[in-house]
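The values are calculated or read from the model by the stated rules, or taken from the named source; none is laboratory data. Quick caveat, the model's predicted, so the values are computed rather than measured. Counting neighbours? That spans all protein chains shown, and the Cβs are built from the backbone with ideal geometry, glycine included.
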Amino acid sequence: MRWICCCLHTVRVLYFYTPKIFSVTAQKDMEALDMYFMQEAIACAREGLQLRAGGPFGAVIVKQQQIIARGYNRVLIDRDPTAHAEIVAIREACHHLHDFQLHDCDLYTTCEPCPMCMGAIYWARPRRVIFACTRQDAANIAFDDAFIYEELQKPFTERNIPMISMGRDEALSLFHQWEQMEDKIRY
Ligand SMILES: [Zn+2]
């Protein structure tokens with residue numbers, strides 16, 4: 001009877017504590033996996049740097065623990081100001097998935113994304129963004145995107161690049177046309 005009691009106690013202890021042990025283990029496994037994919041993003045950045053492709057930035061996109069896209073900053077070699085590592089990787093991932101959304105994907109990037117990339121990330125809707133360096137780290141090597149955040153807060157007329165609105169009625173008619181289309185795909 002005492003033995004049964006002891007067993008029951010052990011079972012109860014295991015019942016209460018095992019899930020916690022598992023969750024801690026799972027969390028550590030996830031951190032290790034995240035670090036593995038971040039290392040891959042860093043490897044991309046290193047590759048781009050060696051090729052003098054652009055700034056020292058890299059990104060990978062992961063779905064179901066598989067890398068589906070890699071990218072490094074290609075602004076210089078592509079002469080494309082939008083060719084940031086995250087954008088390059090998002091384009092490749094969407095091409096790979098035949099989709100314009102990154103459902104259940106994680107984006108690993110070697111630096112906190114700039115406002116342009118954050119916009120692209122929100123449109124692509126991945127599950128998580130994992131970044132290494134901060135925007136301050138980037139600012140310290142002259143990749144300062146603080147001015148963009150500041151610009152967006154200003155009224156159109158006070159921005160460094162003037163923004164002028166015209167032709168609204170005609171452009172708006174296309175919006176109405178879109179709204180009335182029954183076979184449109186909302187995204
Ligand atoms: Zn960017």
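Odds and ends about this structure:
- Test result for Ala142, within 16 Å of the ligand (Cβ to nearest atom), at positive phi and of a type outside the set (Lys, Arg): yes
- Verdict on Ala59 being surrounded by 14 or more Cβ atoms within 10 Å (Cβ to Cβ) and within 16 Å of the ligand (Cβ to nearest atom): yes
- Each residue in segment 27-79 was checked for being at pLDDT below 95 and either at positive phi or hydroxyl-bearing (Ser, Thr, Tyr) (or both), and 0 pass.
- Any strands (runs of 3 or more DSSP E) falling wholly within segment 64-183 and containing at least 1 residues that are without any contact (Cβ under 8 Å) to a residue 12 or more places away in the chain: 66-72
- Test: residue in segment 129-137 that is at pLDDT 95 or above, out of contact with any Leu (no Cβ under 9 Å at 6 or more places or on another chain), closer than 29 Å to Cys94 by Cβ and exposed (fewer than 12 other Cβ atoms within 10 Å of the Cβ): yes
- Scanning segment 77-95 for residues that are closer than 15 Å to Val62 by Cβ, within 14 Å of the ligand (Cβ to nearest atom) and either aliphatic (A, V, I, L, M) or over 15 Å from the mean Cα position of the chain (by Cα) (or both) returns Ala85, Ala89, Ile90.
- Within segment 96-114, being over 12 Å from the mean Cα position of the chain (by Cα) and either aliphatic (A, V, I, L, M) or within 11 Å of the ligand (Cβ to nearest atom) (or both) holds for one residue alone: Leu97.
- Considered as a group, the residues in segment 62-105 that are small (Gly, Ala, Ser) and farther than 22 Å from Arg135 by Cβ include one that is surrounded by the fewest Cβ atoms within 10 Å (Cβ to Cβ), and that residue is Ala69.
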